[in-house]
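Worksheet: the structure to be examined is printed underneath.
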Amino acid sequence: MKFNTDRKWLERRAAQEDRHFISVGGLISTLDPTCQMQASASIPIVETTKTAFVRLLQLTRRDRRLSLEKLAEKADVDLAELVKIENDESFMPGPRTVHQLASVLDLPAKKLMVLAGLLQAKDPSLQQASVRFAARSEPIGNISPEEHAALEEYVKFLNER
Amino acid sequence: MRQTIQIIDSQTGQPIDAEIFDEITLAHFIETQADWRPVVLEAARALAKDPKRATLIPSHFHWDWTRKEAELKMLALRFYGISCKARLQGIMKVDTVARSCRLPEQQGKPLVYIDYIEAAPWNIKQLMEPLGKRQQFRSVGTRLFEAAVLQSDEEGFKGRLGLHSLPGSEGFYIKECGMTPVGRDPHKQNLLWCEFTPEQAHRYLAGE
């Protein structure tokens with residue numbers, strides 16, 4: 001590769017870069033600027049709850065014996081987005097998708113938004129419960145009695161708070 | 001690929017030798033998680049205390065590079081890193097297959113897609129200022145971006161390049177680099193799709 005060796009070019013480009021962020025990638029949140037700020041300040045929580053979010057969706061779907069296609073159809077969401085949600089934790093689902101999934105799976109929508117990283121967690125115990133749940137569940141294979149118990153306990157926690 | 005390039009040392013204001021390379025390993029990904037994230041978080045907390053500067057909080061750092069290990073072996077993907085003084089200073093992921101041009105005059109033509117680009121937080125002026133520190137190196141992002149344009153040339157794509165810019169970065173890619181803002185992408189969090197034509201790419205490389 002033949003990189004530009006002109007010092008003036010480099011200094012001019014450096015000055016341009018200094019005036020901006022150069023980041024390219026996915027957003028923490030698409031809800032609103034204040035949410036973006038809140039989410040940024042609580043990154044470890046977002047990362048932990050995101051694992052719990054994915055596991056919760058997977059286990060609940062399997063517990064209800066729903067295929068990805070069937071769930072996408074029932075929730076009226078894009079199948080490709082659902083596949084991404086379950087297989088790529090860095091993928092940020094849209095608020096509508098999360099809302100639709102909550103509705104079909106009978107999960108609290110606002111809590112699911114928090115777990116997905118779309119809203120800030122105000123309750124610190126949510127993180128602890130999410131870590132416990134993520135640790136007690138596996139994303140693949142048949143749902144075991146232990147996983148079923150963990151799922152029930154976690155959903156009960158979400159509904160109570 | 002491993003080449004010596006120059007970036008700018010902020011302390012001296014002088015160019016300094018650095019290395020750009022594409023042999024990224026899981027260890028590099030872990031380095032970004034272990035070394036970069038605490039600094040970004042510290043800066044974000046400092047920015048959050050000042051309502052006037054809260055909008056400067058970066059919106060992208062949930063990306064966990066350690067989860068990208070499987071992608072290291074994918075031929076369509078290429079990861080670049082820049083190291084200087086034995087530390088990783090910036091990282092970029094490009095894809096030569098997943099996307100194609102959207103501008104009407106080059107619709108469907110192949111391009112290099114920048115999926116992710118990030119400079120180490122200590123090289124970002126907006127993050128170091130609230131911490132009362134000076135950035136360490138300048139032009140790290142510029143060199144990574146330049147590498148993507150050069151790769152596009154090498155692939156025969158003539159410099160055609162595309163990316164989804166985060167809101168805080170749109171000014172850089174449109175005003176400073178001269179990319180064309182094509183439109184918001186509802187399939188990618190409504191981020192702005194920006195694109196280089198061959199002419200724009202070569203103007204960028206030449207510094208016009």
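Taken together, the values in this text are just the output of simple stated rules run on the coordinates, not laboratory data. Remember, predicted model here, so these are calculated numbers, not experimental data. Don't worry about glycine lacking a Cβ; one is built from the backbone with ideal geometry, like all the others, and counts go over all protein chains shown.
Tabulated data
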item: Nearby aspartates and glutamates by direct alpha-carbon distance to residue A:111 (threshold 19 angstrom, same-chain neighbours under 8 apart not counted); result: A:32, A:47, A:86, A:89, A:123, A:152, A:153, A:160
item: Violating pairs (Cα-Cα greater than 23 angstrom) within the set A:50/B:85; A:84/B:93; B:85/B:158; A:110/B:93; result: A:50/B:85; B:85/B:158; A:110/B:93
item: Fewest-first ranking of B:149, B:97, using other Cβ atoms within 10 Å as the exposure measure; result: B:97, B:149
item: Average beta carbon contacts from partner chains per residue of A:52-60, 10 Å cutoff; result: 0
item: Inter-chain shielding of B:136-149 (mean C-beta neighbours from other protein chains, 10 Å cut-off); result: 5
